[in-house]
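First the structure, in the form of structure tokens, and then the observations on it.
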Amino acid sequence: MNVLLNDETIKFLHVRRLPGQLTAPQTAALLGFLPHDMAVLVKRKLLRPLGKPQANATRYFAARDIERLSSDSAWLSKATQTMSEHWQLGKSPRPSTNSDDL
């Protein structure tokens, strides 16, 4: 993770026992990703939120599953590659829609 951790995140990472369900920012902190990356990992089916939340609802993740994923180097590699591809696609030049170019 390339950003400095804020005080709240540092305190969370030092708790003795995690709550049963984690929010997206908590999940991101445990996995070493940024909070906005969680939506991409859910969309690409690398993470599964609890229940079936509506599109605009808060998503929660099972702490037990997240702890397991955080120590799975194969999963972390796949998730990191997925995020890399996502941002490469997002920053690549897009085809022009200008009619003068046709």
| query | in a helix (DSSP H, G or I), over 25 Å from N6 (Cβ atoms), of a type in the set (G, A, S) and modelled with pLDDT of 95 or more, is that true of A79? | reply | no
| task | Six or more apart or on different chains, Cβ under 6 Å: which pairs go from a residue in region 23-43 that's without any contact (Cβ under 8 Å) to a residue 40 or more places away in the chain and more than 14 Å from Q81 (Cα to Cα) to one that's of a type outside the set (S, T, Y) and in a loop (DSSP other than H, G, I, E, B)? Could you list them? | result | A24/P35; A24/R59; P25/P35; A28/L34; A28/P35
| Of all residues in region 82-94, how many are modelled with pLDDT of 55 or more and not in a helix (DSSP H, G or I)? | 0
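The values are calculated or read from the model by the stated rules, or taken from the named source; none is laboratory data. Please read all numbers here as calculations on a predicted model, not as lab measurements. Cβ: placed from backbone, ideal geometry, glycine included. Neighbour counts: every protein chain shown.
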